[in-house]
Amino acid sequence: MFKLIKYGVMGTIGLATVGGLVFGSDLASYASSAARTVSGSVRSTVPVEFELRRARDLVDDILPEMQANVRLIAQQEVEIDSLKDEIVRSEKSIDDEKQRITSLRNSLNSAQQTSFTFGRATYTREDVKHQLAGRLDGAQEAGMMLSSKRKLLDARQKSLAAAIQSLEKARQQKSLLE
C-alpha cells in the first residue's frame, strides 16, 4: 500500500516537473482548461431525460427543507411575541416596584419616626429598612432578568431573520430548478 502511495507521489512530482519544463508558467492555465474541457464533454454526454429527473429530485429534496423553515419561522414568531409580552409585563412590574421603593425611601428620609403605617399594618423603622433592602435586591434581580430577556429577544429575532433568509434561498433555488 505504501509503495503505491510512494509511486503515486513520485509520479505526480515527475509529471509536474516535466509539465513545468514544457509549459513553463502556463502549466496551471493548461491544466484548468483541460479539466474544464473534460468536465464539459462529460456533461454533454448526459441524456436530457436524466437531467430532468435530477432536477425533479432536487426540487423534491427542497420541499421538506422549505416546510421545516416555515415551521421554524412560525415557532420563532410565536416565541418572539410571547417574549415581547413578558418584557412588557416585566417592565411594568419593575416600574411599580420602583414606585414602592421610592415611597418607602421617602418615608424613611422624611421623618425620624420609630414606626410607620402602610395600609392597615404598622412597621418599625428597622422593618421598613429591611423591607426596603429586600425590595432593592428584588428590583436589581428583576432588572437583570429583564436584560437577559431582551438579549434573548434579540437572539430570537436574529434567528428568525436567518430562517426567513434560508426560506427565501430555498424558494429561489426551487424556482430556478423548476
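To keep it simple, each residue is scored yes or no on (1) assigned to a helix (DSSP H, G or I); (2) among the hydroxyl-bearing types (Ser, Thr, Tyr); (3) open to solvent by less than 90 Å² (accessible area, probe 1.4 Å).
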{"residue": "ARG89", "(1), (2), (3)": "yes, no, no"}
{"residue": "SER103", "(1), (2), (3)": "yes, yes, yes"}
{"residue": "THR122", "(1), (2), (3)": "no, yes, no"}
{"residue": "LYS129", "(1), (2), (3)": "yes, no, no"}
{"residue": "ALA139", "(1), (2), (3)": "yes, no, yes"}
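Pick from LEU146, LEU177, LEU167: which is surrounded by 15 or more Cβ atoms within 10 Å (Cβ to Cβ), in contact (Cβ under 8 Å) with a residue 40 or more places away in the chain and over 26 Å from the mean Cα position of the chain (by Cα)?
When all the criteria are applied, what remains is LEU177.
Please determine whether any residue of segment 17-36 is of a type in the set (Gly, Ala, Ser) and open to solvent by 90 Å² or more (accessible area, probe 1.4 Å).
Within segment 17-36, the first condition is being of a type in the set (Gly, Ala, Ser), and the residues that meet it are 19-20, 24-25, 28-29, 31-35.
When the remaining residues are screened for being open to solvent by 90 Å² or more (accessible area, probe 1.4 Å), the result is 25.
Scanning segment 17-36, I find at least one residue that is of a type in the set (Gly, Ala, Ser) and open to solvent by 90 Å² or more (accessible area, probe 1.4 Å), so the answer is yes.
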Residues satisfying the stated conditions in segment 73-83, i.e. farther than 16 Å from LEU167 by Cβ and either surrounded by fewer than 14 Cβ atoms within 10 Å (Cβ to Cβ) or among the aromatic types (Phe, Trp, Tyr) (or both): VAL78, ASP81, SER82
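Looking only at segment 48-58, how many residues end up being farther than 20 Å from LYS169 by Cβ and either touching a helix residue (DSSP H, G or I) at 6+ places or on another chain (Cβ under 7 Å) or open to solvent by 80 Å² or more (accessible area, probe 1.4 Å) (or both)?
Start the filter on segment 48-58 by keeping residues that are farther than 20 Å from LYS169 by Cβ, which leaves 48-53.
Applying the additional criterion that residues be either touching a helix residue (DSSP H, G or I) at 6+ places or on another chain (Cβ under 7 Å) or open to solvent by 80 Å² or more (accessible area, probe 1.4 Å) (or both) yields 48-50, 52-53.
Of the residues in segment 48-58, 5 are farther than 20 Å from LYS169 by Cβ and either touching a helix residue (DSSP H, G or I) at 6+ places or on another chain (Cβ under 7 Å) or open to solvent by 80 Å² or more (accessible area, probe 1.4 Å) (or both).
Can you tell which of GLN112, GLN99 is loosely packed, with under 14 Cβ neighbours inside 10 Å, over 34 Å from the mean Cα position of the chain (by Cα) and farther than 23 Å from GLY143 by Cβ? Reasoning before the result, please.
On the way: GLN99 fails: farther than 23 Å from GLY143 by Cβ.
Only one candidate qualifies: GLN112.
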Matching residues in segment 115-143 - criterion: being more than 36 Å from the chain's Cα centre (by Cα) and among the polar types (S, T, N, Q): SER115, THR117, THR122, THR124, GLN131
Segment 149-164, residues that are open to solvent by 60 Å² or more (accessible area, probe 1.4 Å) and among the charged types (D, E, K, R): ARG150, LYS151, ASP154, ARG156, LYS158
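In this structure, is ASP61 open to solvent by less than 90 Å² (accessible area, probe 1.4 Å) and among the charged types (D, E, K, R)? Break it down stepwise before answering.
Details: open to solvent by less than 90 Å² (accessible area, probe 1.4 Å): no; among the charged types (D, E, K, R): yes.
Spelling it out, it is not the case that ASP61 is open to solvent by less than 90 Å² (accessible area, probe 1.4 Å) and among the charged types (D, E, K, R).
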From the options VAL42, VAL70, residue that is open to solvent by less than 90 Å² (accessible area, probe 1.4 Å), in a helix (DSSP H, G or I) and at pLDDT 80 or above: VAL70
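The values are calculated or read from the model by the stated rules, or taken from the named source; none is laboratory data. These numbers were taken from a predicted model, which means no experiment stands behind them. Every residue, glycine as well, gets a Cβ built from its backbone with ideal geometry; the counts of neighbours run over all protein chains shown. We work out accessible area using only protein heavy atoms, side chains counted, and drop any ligands, DNA or RNA first. Shrake-Rupley method; radii C 1.70, N 1.55, O 1.52, S 1.80 Å.
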